[in-house]
Amino acid sequence: MKEKVEIVIEPNHHYVKSHKNGAEFTSVSFNARRYGSASPCDNNQEIEDCIKHQSEWIKREGDIPIIKDLRIKQTTLW
């Protein structure tokens, strides 16, 4: 069954202090009915690779990947 599955790119997460000294990372995640994944990404290349991997996974399951990028600020026109 084809369902839309959002891949969410969310910045401003931090590792615990004991891992990478608490550095900031961007989370790339998705959650479908029967499967899901979340990955910490430290740079743009890791983000792109993760999106590609997760998109392929969603398509293999017969669903439709949708990208929701929270790094982009939404503005209104009024």
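The values are calculated or read from the model by the stated rules, or taken from the named source; none is laboratory data. Computed from a predicted model, the values in this text were never measured in an experiment. Cβ: placed from backbone, ideal geometry, glycine included. Neighbour counts: every protein chain shown.
A few comments on the model shown:
- Pairs with Cβ under 7 Å, 6+ apart, first in the range 1-15 and at pLDDT 95 or above, second surrounded by 13 or more Cβ atoms within 10 Å (Cβ to Cβ) and acidic (D, E): E3/D63; V5/D63; I9/D69
- Any hit, the range 51-65, residues being outside any loop (DSSP other than H, G, I, E, B) and in contact (Cβ under 8 Å) with a residue 60 or more places away in the chain: yes
- In the range 20-44, the residue that is surrounded by the most Cβ atoms within 10 Å (Cβ to Cβ) out of those that are closer than 18 Å to I72 by Cα, touching a residue at least 12 places away in the same chain (Cβ under 8 Å) and polar (S, T, N, Q) is T26.
- Consider the range 45-60 and keep the residues that are within 10 Å of I7 (Cβ to Cβ) and in contact with a Pro (Cβ under 8 Å, 6 or more places away or on another chain). The one that is surrounded by the fewest Cβ atoms within 10 Å (Cβ to Cβ) is S55.
- When R71 is tested against the conditions (1) modelled with pLDDT of 95 or more; (2) touching a Ser or Thr at 6+ places or on another chain (Cβ under 8 Å), the lone failure is (1).
- Residue match in the range 9-31 (condition: touching a Lys or Arg at 6+ places or on another chain (Cβ under 9 Å), part of a strand (DSSP E or B) and under 17 Å from W57 (Cα atoms)): yes
- Members of the range 29-65 found to be β-branched (V, I, T) and more than 21 Å from N12 (Cα to Cα), listed by number: I58, I64
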